[in-house]
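Step one of this worksheet: look at the structure below.
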Amino acid sequence: MADLNTVSITGRVTMEPELRNTRTGTPLINLRVVVNDAVRDDAEGWIQKPNFINVTVFGPNAENLARSLTKGSRIAVDGRLSWREWTTDSGTKGQALDIVANNVHYLDTKEQADARRSGSASPATSPVPSDTSDDVPF
């Protein structure tokens, strides 16, 4: 049986997308998406814990997204996990687990997107569960 490498998330874009090209000329954008988890805190009950996830989009999808996505856009991403490692010029090693997107879906309405582009609305946050009697939020 083969291993399966698929991942799906929904969240909000945390920075304005910037279109770049690979060395071979393929368009790409790097997004940072925040996905909130509801976690139980003994002192405060249920709280939101943000997870910041790097997402890379290649090809024509990158070009389309660069024109239409803005900071705060709510999106769904389907893709695969990709591990990367690097060494800086000073010898420091780094590593990251990113999502390479196959599909990115807009979850905002046209009105929400237009309002954000005009600067008249701020992104809404997901509600935190109010029932703190259980250990899990479902």
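The values are calculated or read from the model by the stated rules, or taken from the named source; none is laboratory data. In this text the structure is predicted, and so the values were computed from the model without any measurement. Glycine also receives a Cβ, built like all others from the backbone with ideal geometry; neighbour counts cover every protein chain displayed. Ligands, DNA and RNA are stripped out before the accessible areas are found, and what is left, the full protein with its side chains, is counted by its heavy atoms. Shrake-Rupley method; radii C 1.70, N 1.55, O 1.52, S 1.80 Å.
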| request: Residue by residue through the range 108-136, note down the ones that are surrounded by fewer than 13 Cβ atoms within 10 Å (Cβ to Cβ), modelled with pLDDT of 50 or more and part of a loop (DSSP other than H, G, I, E, B). | output: Thr109, Gly119, Ser120
| remark: Of Gly59, Gly91, Gly45, Gly72, the only residue that is small (Gly, Ala, Ser) and open to solvent by 30 Å² or more (accessible area, probe 1.4 Å) is Gly91
| query | Inside the range 78-98, can you point out the residues that are touching a Ser or Thr at 6+ places or on another chain (Cβ under 7 Å) and in contact (Cβ under 8 Å) with a residue 40 or more places away in the chain? | reply | Asp78, Arg80, Asp98
| Lys71, sole failed condition from (1) closer than 25 Å to Ser118 by Cβ; (2) at pLDDT 95 or above | (2)
